[in-house]
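**Q** So that we are looking at the same thing, I have put the structure below in structure tokens.
The values are calculated or read from the model by the stated rules, or taken from the named source; none is laboratory data. These figures come from a predicted structure and were not determined experimentally. Methodologically, a virtual Cβ is constructed for each residue, glycine included, from the backbone with ideal geometry; neighbour enumeration extends over all protein chains shown. Keep in mind that these areas ignore ligands, DNA and RNA; they rest on the heavy atoms of the full protein, side chains included. Shrake-Rupley method; radii C 1.70, N 1.55, O 1.52, S 1.80 Å.
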Amino acid sequence: MKSQFGKKLKVLLVENNLVDRKVIIKMLSTSPYGHFDPKFASSLVEAFELLPKHKFDVVLLDLNVDDSKGLETLKKFHRRFPHLPVVVNTGSYQDDLGLKAITKGAQDYLIKGMYKSYSLVKSLYYAVERKRVEEELKNAYNKLQQTQIQLIQAEKMNVIGGLASGVAHEVKNPLATILYGVEYLENSLKTSDEKIVLTLDSIQEAAKSANNIIKGLLDFASLTNLKKTPENINTLIDQAIHLTRPQCERVSVHLEKNLQNDLPLIKIDRNRIQQVIVDLIVNAIYAMNNGGRLMIRTYGKKFSDQDVGWIDRRGRSFGQGDDVVVVDFEDTGPGIKDEYLIKIFDPFFTTRRAAGGIGLGLSIARTIMNSHGGIISLHNKTGGGARARLIFKANKKEPV
Ligand SMILES: Nc1ncnc2c1ncn2[C@@H]1O[C@H](COP(=O)(O)OP(=O)(O)OP(=O)(O)O)[C@@H](O)[C@H]1O
Ligand SMILES: [Mg+2]
């Protein structure tokens, strides 16, 4: 990035000593090295009032002002305005304090009476540049941390996916044998012994529920043969609502929809995406088993990175500014506990184990969305409840 030296700087001088103020003003106004637009405050309260009203580039901060003394002044300042460059202006012979100020977030310090115009000007420009580099470094560090977590997550999913399909294949055939065997026994025994009938029934039930888990696992691992056709997502939503309406009515969940009319088409495997939509509706219904409201909304927009959290970005086939179709499912349930947010997409993570939850719904949904180059995310809403979001790349309109 280009150096800012010489650019006009908007400076806030937090200084309650009138003589010191005059000296600084003189130095700034007569300097041939830079251009300044200074404003003044005698106290932190005054400074905090001025700061939101102007776009300051840098602050020259006396640590002893009307309403605060010493390093506490810098700490209070930094808490309120962590992104603003600060040069601390301390009393004579206070290098120790100046250096401490650097460790507490100041970009530079000056000792009153020990500097001339050039050093003051240089220090102000230096603080602006140093802060910019610090922020860039901080952002790069955050990005690195996020990428590391994504890599660990991706690796975890690979291992679990491989393991799951291996186990599923091994268990599928013995299970089928058990199911056929029980059916055969039931038909050929034709006994009225209640104990035998009950035992056979419970074996059949257990084997069926194990079979459902296996089916889910195989689903999870076999998403290669997708039949993608251009579809209007609204049609799929209407069908999914129709399928889940009885479940909604049973627990008094009021389902509302707000679907944009002229949505662009998206290229999807309709059965797979239908499965994702049904899973999200069913999850919301389970979360609101004492009644509530589920709002399903569709809309087209230009994609922005702010639409999703960082963790949801893998495999997407669109970027900043591309046309996308979004589907939001907003419920009025209890939302998701913070400590669970990182786990909900893991295979077999469920908080509904006792009620028959397997914990595969979201992980399969994410695999399906990834294989469409789309994104799925699930967040708590600020006002309470959860919001699941699907984002698809919009098909380009064919020229007519
Ligand atoms: N809308 C929601 N509100 C609150 N929690 C949710 C919501 N959707 C999902 N969850 C949480 O995420 C967990 C995982 O969801 P997922 O769909 O993967 O599994 P499940 O619904 O528990 O079981 P199943 O395999 O039958 O879908 C749920 O157990 C629940 O704790
Ligand atoms: Mg589910």
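**Q** With the range 204-279 as the region, which strands (runs of 3 or more DSSP E) entirely inside it contain at least 2 residues that are within 14 Å of Leu390 (Cβ to Cβ)?
**A** 266-268
**Q** Count, please, the residues in the range 246-286 that happen to be out of contact with any strand residue (DSSP E or B) (no Cβ under 6 Å at 6 or more places or on another chain), among the aliphatic types (A, V, I, L, M) and under 18 Å from Ile344 (Cβ atoms).
**A** Looking only at that region, the number is 5.
**Q** Can you find even one residue in the range 296-308 that is under 22 Å from Ile336 (Cα atoms), surrounded by fewer than 15 Cβ atoms within 10 Å (Cβ to Cβ) and away from ligand 1 (no atom under 16 Å from the Cβ)?
**A** Restricting attention to the range 296-308, the residues satisfying the condition of being under 22 Å from Ile336 (Cα atoms) are 296-297, 306-308.
Still in the running and surrounded by fewer than 15 Cβ atoms within 10 Å (Cβ to Cβ): 306.
Going one step further and asking which of them are away from ligand 1 (no atom under 16 Å from the Cβ), we end up with 306.
Looking through the range 296-308, at least one residue is under 22 Å from Ile336 (Cα atoms), surrounded by fewer than 15 Cβ atoms within 10 Å (Cβ to Cβ) and away from ligand 1 (no atom under 16 Å from the Cβ).
**Q** Given the residues Ile203, Ile241, which is the only one that is open to solvent by less than 40 Å² (accessible area, probe 1.4 Å) and on the phi < 0 side of the Ramachandran plot?
**A** None of the others qualify; the one that does is Ile241.
**Q** A follow-up question, please. Right, Phe318: touching a Lys or Arg at 6+ places or on another chain (Cβ under 8 Å), assigned to a strand (DSSP E or B) and in contact (Cβ under 8 Å) with a residue 60 or more places away in the chain or not?
**A** No, not satisfied.
**Q** Now a separate question. Filtering the range 339-383 down to residues that are open to solvent by 30 Å² or more (accessible area, probe 1.4 Å) and assigned to a helix (DSSP H, G or I), which residue is farthest from ligand 1 (Cβ to nearest atom)?
**A** For the range 339-383, the residue satisfying everything is Ser371.
**Q** Taking the range 280-312, which residues are part of a loop (DSSP other than H, G, I, E, B) and within 14 Å of Phe392 (Cα to Cα)? Steps first, answer last, please.
**A** Step one: filter the range 280-312 for residues part of a loop (DSSP other than H, G, I, E, B), giving 288-291, 303-304, 308-309.
Across the range 280-312, the qualifying residues are Phe303, Ser304, Val308.
**Q** May I ask you to verify whether Asn234 is open to solvent by 50 Å² or more (accessible area, probe 1.4 Å) and more than 16 Å from ligand 1 (Cβ to nearest atom)?
**A** For Asn234, the condition - open to solvent by 50 Å² or more (accessible area, probe 1.4 Å) and more than 16 Å from ligand 1 (Cβ to nearest atom) - is not met.
**Q** Given Lys138, Lys122, which one is open to solvent by 80 Å² or more (accessible area, probe 1.4 Å) and either within 17 Å of Ser31 (Cβ to Cβ) or not in a helix (DSSP H, G or I) (or both)? Give the derivation first.
**A** Working: Lys138 fails: either within 17 Å of Ser31 (Cβ to Cβ) or not in a helix (DSSP H, G or I) (or both).
Lys122 is the lone residue from the list that is open to solvent by 80 Å² or more (accessible area, probe 1.4 Å) and either within 17 Å of Ser31 (Cβ to Cβ) or not in a helix (DSSP H, G or I) (or both).
**Q** Name the single residue that is nearest to Glu231 (Cα to Cα) among those in the range 384-397 being within 15 Å of ligand 1 (Cβ to nearest atom) and in a strand (DSSP E or B).
**A** Out of the qualifying residues, it is Leu390.
**Q** Further, regarding this structure: Taking the options Ala127, Ala106, Ala101, name whichever one is part of a loop (DSSP other than H, G, I, E, B) and buried (at least 17 other Cβ atoms within 10 Å of the Cβ). Spell out how you get there, then give the answer.
**A** Numbers: Ala127 fails: part of a loop (DSSP other than H, G, I, E, B); Ala101 fails: part of a loop (DSSP other than H, G, I, E, B).
Sole residue among the options that is part of a loop (DSSP other than H, G, I, E, B) and buried (at least 17 other Cβ atoms within 10 Å of the Cβ): Ala106.
**Q** Pro334 is checked against (1) out of contact with any helix residue (DSSP H, G or I) (no Cβ under 6 Å at 6 or more places or on another chain); (2) under 16 Å from Arg389 (Cα atoms) and fails just one. What number does that condition carry?
**A** Status for Pro334: all satisfied but (2).
**Q** Out of the residues in the range 257-291 meeting the condition of being more than 25 Å from the chain's Cα centre (by Cα) and within 15 Å of ligand 1 (Cβ to nearest atom), tell me which one is modelled with the highest pLDDT.
**A** Here the answer is Gly291.
**Q** Same structure again: I'd like the full set of residues that are modelled with pLDDT of 90 or more and either among the hydroxyl-bearing types (Ser, Thr, Tyr) or under 11 Å from Ile376 (Cα atoms) (or both), limited to the range 303-328.
**A** Within the range 303-328, Val326, Val327, Asp328 meet the criteria.
**Q** List, please: which pairs have Cβ atoms under 7 Å, are six or more places apart or on different chains, and start with a residue in the range 276-291 that is in the same structural domain as Asp238 (by TED's automatic domain parsing) and end with one that is more than 10 Å from ligand 2 (Cβ to nearest atom) and of a type in the set (Asp, Glu)?
**A** Close Cβ pairs (under 7 Å, with a partner that is more than 10 Å from ligand 2 (Cβ to nearest atom) and of a type in the set (Asp, Glu)) amount to Ala284/Asp331; Ala287/Asp331; Met288/Asp331.
**Q** What tally of residues in the range 384-394 results from selecting those that are open to solvent by less than 50 Å² (accessible area, probe 1.4 Å) and away from ligand 2 (no atom under 13 Å from the Cβ)?
**A** Summing the residues that are open to solvent by less than 50 Å² (accessible area, probe 1.4 Å) and away from ligand 2 (no atom under 13 Å from the Cβ) in the range 384-394 gives 7.
**Q** What is the residue count in the range 312-338 for residues that are away from ligand 1 (no atom under 11 Å from the Cβ) and of a type in the set (Ser, Thr, Tyr)?
**A** Qualifying residue count, the range 312-338: 1.
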